[in-house]
1. Within region 277-297, restricting attention to residues that are within 20 Å of TYR212 (Cα to Cα) and more than 19 Å from the chain's Cα centre (by Cα), which residue is most open to solvent (accessible area, probe 1.4 Å)?
2. Within region 160-172, is even one residue out of contact with any helix residue (DSSP H, G or I) (no Cβ under 8 Å at 6 or more places or on another chain) and among the hydrophobic types (A, V, I, L, M, F, W, C)?
3. Checking ASP228 against (1) open to solvent by less than 30 Å² (accessible area, probe 1.4 Å); (2) outside any helix (DSSP H, G or I): exactly one of these is not met. Which one?
4. Which condition breaks for VAL204 when tested against (1) in a loop (DSSP other than H, G, I, E, B); (2) open to solvent by less than 70 Å² (accessible area, probe 1.4 Å)?
5. Check SER221, SER197 and return the single one that is closer than 12 Å to CYS148 by Cα, in contact (Cβ under 8 Å) with a residue 40 or more places away in the chain and of a type in the set (S, T, N, Q).
6. Restricting attention to strands (runs of 3 or more DSSP E) lying wholly within region 241-338, give those where 2 or more residues are of a type in the set (Ser, Thr, Tyr) and at pLDDT 95 or above.
7. Hey, does region 251-258 have a residue that's within 19 Å of the chain's Cα centre (by Cα), within 24 Å of PRO207 (Cβ to Cβ) and either among the aromatic types (Phe, Trp, Tyr) or open to solvent by 60 Å² or more (accessible area, probe 1.4 Å) (or both)?
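The values are calculated or read from the model by the stated rules, or taken from the named source; none is laboratory data. For clarity, every value in this text was computed on a predicted model and none was experimentally measured. A quick note on method: Cβ atoms are made from the backbone with ideal geometry, for glycine too, and the neighbour counts reach across all protein chains shown. For accessibility, only protein heavy atoms count, side chains too; no ligands or nucleic acids. Shrake-Rupley method; radii C 1.70, N 1.55, O 1.52, S 1.80 Å.
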Amino acid sequence: MTMYEDFMAKGPIRSFQAGGRPVVMSNEDKSLNAVFAKKSKTKSDASPERMEKLKGMLKKTKIGRETLAFLDEKGSGLGFEEMPYYGYFSPDENRVAISPKYSDEDLAITLVHEIRHARQDSIMTNTSPDMVPGTLLKNGFLIEADACAAECVLAHEMLEMGDRSIFEAHQKTAYAPMSTAFEKEFDKSHDWDKARSAALMEWVNLPVKPGYANQYIDFMSEIVKDGDPQYFQHSMDIKKMAEKLCINSKGECYVQNPKLLEDAEHLNVNEKQAKKIVSMMLPYTRKTGRGYEKLELDKIHVSHEDGTYTTIAQEMKLAKSRNNAQAVSKAAKGRQGR
């Protein structure tokens, strides 16, 4: 078990339909509970016949056939598991599990998403303490956005066959803006890659994003507490990440402009999350002597309530200046009191 999987095994666990991996939920993430704990009206059916039916649904589409072929190639396990969420992929067990309580359409979407995570895992380590904070966030956001974009491809292929069931099921989830973005771009350009890229870019605007950011920030905190000097060493350019993870059926990167994923609108955290990063990273950088840029803290943007952006590096410099000013003022008051 990796350090990340060990971290995720602690505390209350939730499995996101579009997260695949178990996610630690804080009390502040109650909105995510509402997003993912969808009430199911479907009678629980975990029969082998139902699994074959789901596979049959996927086999109607190109992405579905590719998904199942990869599952066989990787040798991943696949089965039903009672849970309050749609499903997950476990790298440690090399297994995809789906909940039998949801509709066939929801589970077809989930299979494409979770098996996409299995494919990602076969290409590169998805989450590692070796990654610097900026790379950790970029990688975390990208693997989720890519898996969600695969769902939109499935929905569109079914639409082209005259079957709206997958698209309509997707439109009832928190990910509806992604399939809407896919269809809007496809209607305009008739280009599969551009449509898939448009869907991926829309992921950053979803209500689930802060929950994922919290997950990776909490993991950063664990790395800092561990204090191992070998951690926070590996950095990767977003273009190289996209070329590895975001590939179409031809093995080509479908993301139109990967560098956009590093801009302020895409790679950002909120003010509260920024404060947590600053509070943990200031002592770390002081102790290790590592610069903000080497940790890619200048790549993580902070989205402020007034619509402006700064970076974590800028926030750390401001915090350091405030701390120094407070220390000087405290010292001056001490001298005056003598």
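1. Within region 277-297, the match that is most open to solvent (accessible area, probe 1.4 Å) is SER279.
2. Within region 160-172, one or more residues are out of contact with any helix residue (DSSP H, G or I) (no Cβ under 8 Å at 6 or more places or on another chain) and among the hydrophobic types (A, V, I, L, M, F, W, C).
3. (1)
4. That leaves (1) as the condition not met.
5. SER197
6. Of the strands (runs of 3 or more DSSP E) lying wholly inside region 241-338, those with at least 2 residues that are of a type in the set (Ser, Thr, Tyr) and at pLDDT 95 or above span 309-311.
7. No, every residue in region 251-258 fails to be within 19 Å of the chain's Cα centre (by Cα), within 24 Å of PRO207 (Cβ to Cβ) and either among the aromatic types (Phe, Trp, Tyr) or open to solvent by 60 Å² or more (accessible area, probe 1.4 Å) (or both).
Residue-by-condition table, conditions (1) in contact with a Cys (Cβ under 6 Å, 6 or more places away or on another chain); (2) farther than 30 Å from VAL224 by Cβ; (3) assigned to a loop (DSSP other than H, G, I, E, B):
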site	(1), (2), (3)
VAL96	no, yes, no
ARG119	no, yes, no
SER122	no, no, no
SER128	no, no, yes
GLY134	no, no, no
PHE141	no, no, no
ALA145	no, no, no
GLY162	no, yes, yes
ALA195	no, yes, no
